[in-house]
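J.: Below is a structure I'd like to ask you about.
The values are calculated or read from the model by the stated rules, or taken from the named source; none is laboratory data. As the structure is a computational prediction, the values presented were derived from the model and not from experiment. We place every Cβ from the backbone using ideal geometry, glycine too, and count neighbours over all the protein chains shown. To get the accessible areas, we keep the full protein, side chains included, count just its heavy atoms, and leave off ligands, DNA and RNA. Shrake-Rupley method; radii C 1.70, N 1.55, O 1.52, S 1.80 Å.
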Amino acid sequence: MKTKILQMLRQQGEGTYRSGQELCRQLGVSRTAVWKYIKQLKEEGYVIEAVQNKGYCLLSAPDILSKSEVESVLPTRWVGHPVYYYDEIDSTNTQAKRLGEEMEGKEGHGAVVVADKQSDGRGRRGRGWESPHGKGVFFTILLKPEVEPSNASMLTLVMALAAAKGIEKASGLKTAVKWPNDIVIHGKKVVGILTEMSAQIDYVNYIVIGTGINVHYREFPEELAHKATSLDLELERQGLEPMVSRAALLGAVLEAFEHYYGVFMETQDLSMLAEEYNACLINCGRKVRVLDPLGEYEGKALGIEARGQLMVERGKEVVAVSSGEVSVRGIYGYV
Ligand code: ATP
């Protein structure tokens, strides 16, 4: 109900009022019920003006990621319906996996788990993801797609493209992708993505794609400071006001994901997305160091091919690097 009230007040446009009577009629509830929900919204931090004979007007919304806030700004058809919100959770990926297990068949496909804080945020290969209260958007999309298990890892790159585009739309900042799935601004990491899957040999039970976006971080632990940044820090560096709403940002990223996922599913590979992905790829045409557990080497990154492998010119040959066990760095630093 709160979601619907927020949607209706938002549709109303700035500075105009929605009459209480109309809210009651459209929602099919009493005046007292509407008043009760408005009161709850005010307690959550929404500034709603009530004027006699005119109605209600939403003046400002708090920067929260509650279920009603996120759902009321979601422009998607199926991604994020529903949203599961937690003030704090161990890891949104872990919670999405629990939901994936609990829900039978295709139920839960497209659900999004969002948290304000993760107590055990995870990155690739057992590494951690700094996820303090109020500073970022930590979310996981649960998917139960009809894809070959061997094609699933490409969805990480689909998410990276979506995050890059969504951030640009919501903040105006120019982003770049560091292969395969980090988003960087001004050479520092602003997004991390972790994709996990439950599958049988030829059948995917579910896939969870977790994303952490650094939004309001002002500082980072010492070991991250040289390679991490946030949207606020980057906006300020450019002399712009840091005013990104986390819910609107999430909405923009999920909308982009829904679009790119649709394109991916047409061919179950990145053939129709590689060009757009490569246009965002910071490594393209640059020297990189490939941290292969079998031996590090240097080469020039050329871009991804249709399955998301990074083509690297190594001496006279071109090798295809898979993301599984390998990290890529710039020659002098992180990118
Ligand atoms: P690479 O492939 O470049 O080695 P990765 O993509 O495997 O990195 P991730 O799994 O995306 O790394 O993220 C985990 C790493 O990110 C951690 O080891 C840590 O160094 C760094 N990290 C942790 N929290 C944050 C954060 N909030 N912002 C930026 N970087 C972070």
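J.: With each pseudo-label sitting 7 Å past Cα toward Cβ, what's the residue 201-residue 7 distance in nm, one decimal?
T.: In this crude spin-label approximation the distance works out to 4.6 nm.
J.: Given a 1.4 Å probe, how much area per residue of segment 146-301 is accessible, in Å²?
T.: Numbers: 6480 Å² over 156 residues.
That works out to 42 Å² per residue.
J.: To the nearest Å, what is the center-to-center distance of segment 24-57 and segment 145-190, using C-alpha atoms only?
T.: Answer, in whole Å: 39.
J.: Let me ask something additional. Quickly rank 276-286, 5-15 as a protection proxy: mean count of other C-beta atoms within 10 Å, highest first. All intermediate terms of the calculation are to be shown ahead of the outcome.
T.: Numbers: 276-286: 18.2, 5-15: 15.4.
Ranked by mean Cβ neighbours within 10 Å, highest first: 276-286, 5-15.
J.: Please work out how much length the chain gains when fully extended from residue 150 to residue 78, using 0.36 nm per residue of separation minus the C-alpha to C-alpha distance, in nm with one decimal.
T.: Details: separation 72, 0.36 × 72 = 25.92 nm, distance 2.43 nm.
So the chain would gain 23.5 nm between residue 150 and residue 78.
J.: Let me ask something else about it. Using R₀ = 45 Å, calculate the FRET efficiency as 1/(1 + (r/R₀)^6) where r is the Cβ-Cβ separation of residue 67 and residue 317; round to 0.05. Present the calculation step by step, with values, prior to reporting the outcome.
T.: On the way: r = 52 Å, r/R0 = 1.16.
FRET efficiency, residue 67 to residue 317: 0.30.
J.: Additional query: Using +1 at the C-beta of Lys and Arg and -1 at the C-beta of Asp and Glu, which of 115, 84, 206 has the Cα lying farthest in the positive direction of the dipole of segment 53-208?
T.: Ranked along the dipole, the leading option is 115.
J.: With +1 on each Lys and Arg Cβ and -1 on each Asp and Glu Cβ, how big is the dipole of the chain about its Cα centre, in debye rounded to the nearest 20? Working shown, then result.
T.: Numbers: 40 positive and 44 negative charges, 150 e Å.
The calculated dipole for the chain is roughly 720 debye.
J.: Using only the Cα atoms of segment 283-330, construct the convex hull and provide its projected area averaged over every direction, in square nanometres to one decimal. Please report the intermediate quantities before stating the final value.
T.: On the way: hull surface 12.2 nm².
For segment 283-330, averaging the hull's shadow over all directions gives 3.0 nm².
J.: Further question: Work out, step by step, the length gained on full extension between residue 127 and residue 16: first 0.36 nm times the residue separation, then minus their alpha carbon distance; give nm to one decimal.
T.: Contour length minus the Cα-Cα distance gives 35.1 nm.
J.: Considering the dipole of segment 241-327 built from charges on the beta carbon (Lys and Arg +1, Asp and Glu -1) around the Cα centre, which of 283, 304, 244 is farthest to its positive end?
T.: Final value for the positive-end residue is 283.
J.: Please state the Cα pair-distance histogram of the chain with 20 angstrom bins from zero: what percent is in each bin?
T.: 30, 54, 15, 1
J.: Share of segment 217-335's accessible area from carbon and sulfur, percent, 1.4 Å?
T.: Values: 3020 of 6090 Å².
Within segment 217-335, the accessible surface is 50 percent carbon and sulfur.
J.: Could you grab the relative contact order for segment 67-278? Cα pairs under 8 Å, six or more apart, rounded to a whole percent.
T.: Numbers: 437 pairs, mean separation 47.7, N = 212.
With pairs under 8 Å counted, the relative contact order is 22 percent.
J.: Hey, for a label at residue 218 modelled as a point 7 Å past Cα toward Cβ, could you say which residues of segment 134-151 have their backbone N under 20 Å away?
T.: 134-137
J.: Let me ask another. Magnitude of the Cβ-charge dipole of segment 283-330, K/R +1 and D/E -1, about the Cα centre, nearest 20 debye? List each step's numbers first, then the result.
T.: Numbers: 8 positive and 7 negative charges, 43 e Å.
Dipole magnitude for segment 283-330 comes out near 200 debye.
J.: Restricting to Cα pairs below 8 Å that are 6+ residues apart, what does the relative contact order work out to for segment 283-330? Please round to a whole percent. List each step's numbers first, then the result.
T.: Details: 92 pairs, mean separation 17.9, N = 48.
This gives 37 percent for segment 283-330.
J.: By how many nm would the segment from residue 259 to residue 50 lengthen if fully extended, with 0.36 nm per residue of separation less the alpha-carbon distance?
T.: On the way: separation 209, 0.36 × 209 = 75.24 nm, distance 3.83 nm.
Between residue 259 and residue 50, full extension yields an extra 71.4 nm.
J.: Report, in debye and to the nearest 20, how large the dipole of segment 1-96 comes out about its Cα centre when Lys and Arg carry +1 and Asp and Glu carry -1 on their Cβ. Working shown, then result.
T.: Details: 12 positive and 11 negative charges, 132 e Å.
Roughly 640 debye for segment 1-96.
J.: Averaging sequence separations of C-alpha pairs under 8 Å and six or more residues apart, then dividing by the length of segment 1-153, give the relative contact order as a whole percent.
T.: Numbers: 232 pairs, mean separation 27.8, N = 153.
It rounds to 18 percent for segment 1-153.
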